[in-house]
Amino acid sequence: MSTVAERVGVEPARLWAGGVLTALVALLVGALVFPETVYDGFIWHYFWGPVQADANSAVCAVRPGSTVEYMYDSQACANAAEPVAYPGYTLVSEVGYMVTLLVALVGVVFLLRRLDLGTDREFFYALVPFVFFGGALRVVEDANDAVPAAEALISYPLNTLFISPIIYFTVFAITLVAVVAAVWAARSAVVERYDYTLFGIGSAVLLLTLGYLFWLVLTGANGVEFYPQVSLVVLAGSTVAAAATWWFIERYAPSVNAGTGRIGFVIIWGHAVDGVANVVGLDWMPALNAGANLVPKHPVNQFVVDVTGSLLPASVLAVTGDTWPFLLVKLAAATFVLWVFEEEIFEDSPRYTMLLLVAVLAVGLGPGTRDMLRATFGV
């Protein structure tokens, strides 16, 4: 069977770049020729407007003409003329971001091929600090919302870089620059190994992000506290949960982890962090003398809490809380994913496989880091 390059006479990477460039030019031309339809009614309404509303802590943002107004009353938003943008996602934006993510992943694979990178397992481990960094950076925005505007170090428009979904592009861009820089340093004989350098860069940006949060604590910013016992309990609990799950797999179903190896433990641990952080943050904050319990921010968390609360009697919930099944769900889901990654996958598509494993870790450890640090800093 002929390849894409052989059938059309163009390298796939060039086809990808041409397609992306064509789409960007089409949006730009459309925004210039039909500004009210393309920019106001589509780009701003579904993508940039919600970010602006969120960044200004508004109930909604409206765009009468070429200006943007922020409203802080639900009724006023309901009566406003379209386009009206609310913080958060819509069906259109979710589809748009999903397509953007898929296109970006294809581009990353082409880049890794060009760099001859991403087939070794060291690549996975080197990216782990960036997953922590993504979760910690999201807490910066949470903390920024918690403190009074006069005390916030990051204000509009800079804070839009830390608001979902823009924050994903921010983390992606920083990680991409770090990967290219680490590879260049290694191949220029500045450093011996790119993976150590990449791990170091990720650790540095993570420490810088945590430094900002500690700065808010040290300066006594209103709305930010510090409960180190929360992080200690979450990290200890997730390590115990992951170790127990790992022992069970190795003892009774070693084939589950035959493909991923030690990467499998990292993934299980990352999802255990998410599970334990939710259990602690939603049920055990008062018991740890760390303030009030947090409120679920994700539909899955809320669903588990609602189901558990409806099935168990109040006497049992008073002792166990209603979030603990979420930890079991996370551990079971992570174990199932490991089972899917058979050894043949690593041989057939090593770069895709490594990127997918990083993504699997990110959807557990990223939110888990955010939830753990939100509870630790009381935001």
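The values are calculated or read from the model by the stated rules, or taken from the named source; none is laboratory data. These numbers were taken from a predicted model, which means no experiment stands behind them. Every residue, glycine among them, receives a Cβ derived from its backbone with ideal geometry; neighbour counts consider all protein chains shown. We work out accessible area using only protein heavy atoms, side chains counted, and drop any ligands, DNA or RNA first. Shrake-Rupley method; radii C 1.70, N 1.55, O 1.52, S 1.80 Å.
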| Just for the stretch 196-247: of the residues that are among the aromatic types (Phe, Trp, Tyr) and assigned to a helix (DSSP H, G or I), which one is surrounded by the most Cβ atoms within 10 Å (Cβ to Cβ)? | PHE199
| said: Name the residue that is most open to solvent (accessible area, probe 1.4 Å), counting only residues in the stretch 13-66 that are out of contact with any helix residue (DSSP H, G or I) (no Cβ under 6 Å at 6 or more places or on another chain) and not in a helix (DSSP H, G or I). | reply: PHE34
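With the condition kept exactly as written, say whether any residue in the stretch 149-172 is among the hydroxyl-bearing types (Ser, Thr, Tyr) and closer than 19 Å to LEU294 by Cβ.
yes
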| query | If only one of VAL337, VAL363 is aliphatic (A, V, I, L, M), within 17 Å of GLY261 (Cβ to Cβ) and open to solvent by 20 Å² or more (accessible area, probe 1.4 Å), which one is it? | reply | VAL337
| request: State all residues of the stretch 318-334 that are open to solvent by 30 Å² or more (accessible area, probe 1.4 Å), of a type outside the set (Gly, Ala, Ser) and at pLDDT below 85; if no residue qualifies, say none. | output: VAL319, THR320, ASP322, TRP324
| task | Identify all residues within the stretch 101-126 that are farther than 20 Å from ARG14 by Cβ and open to solvent by 20 Å² or more (accessible area, probe 1.4 Å); write none if there are none. | result | LEU101, THR119, ASP120, ARG121, GLU122, TYR125
| message | If I go through the stretch 340-360 residue by residue, how many of them are open to solvent by less than 60 Å² (accessible area, probe 1.4 Å), assigned to a helix (DSSP H, G or I) and aromatic (Phe, Trp, Tyr)? | response | 1
| query | Taking the condition surrounded by fewer than 18 Cβ atoms within 10 Å (Cβ to Cβ), over 18 Å from VAL358 (Cβ atoms) and in contact (Cβ under 8 Å) with a residue 12 or more places away in the chain, does GLY261 pass? | reply | no
| What number goes with the only condition from (1) assigned to a loop (DSSP other than H, G, I, E, B); (2) buried (at least 18 other Cβ atoms within 10 Å of the Cβ) that GLU82 does not pass? | (2)
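Condition check ((1) within 25 Å of ILE167 (Cα to Cα); (2) modelled with pLDDT under 95; (3) in contact with a helix residue (DSSP H, G or I) (Cβ under 6 Å, 6 or more places away or on another chain); (4) not acidic (Asp, Glu)) across all residues:
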| site | (1), (2), (3), (4) |
| --- | --- |
| LEU198 | yes, no, yes, yes |
| SER203 | yes, no, yes, yes |
| GLY220 | no, yes, no, yes |
| PRO228 | no, no, no, yes |
| TRP246 | no, no, yes, yes |
| ASN257 | no, yes, yes, yes |
| task | Select from the stretch 150-188 the residues that are farther than 22 Å from LEU105 by Cβ, in contact with a helix residue (DSSP H, G or I) (Cβ under 9 Å, 6 or more places away or on another chain) and hydroxyl-bearing (Ser, Thr, Tyr) and write down the one among them that is surrounded by the fewest Cβ atoms within 10 Å (Cβ to Cβ). | result | SER155
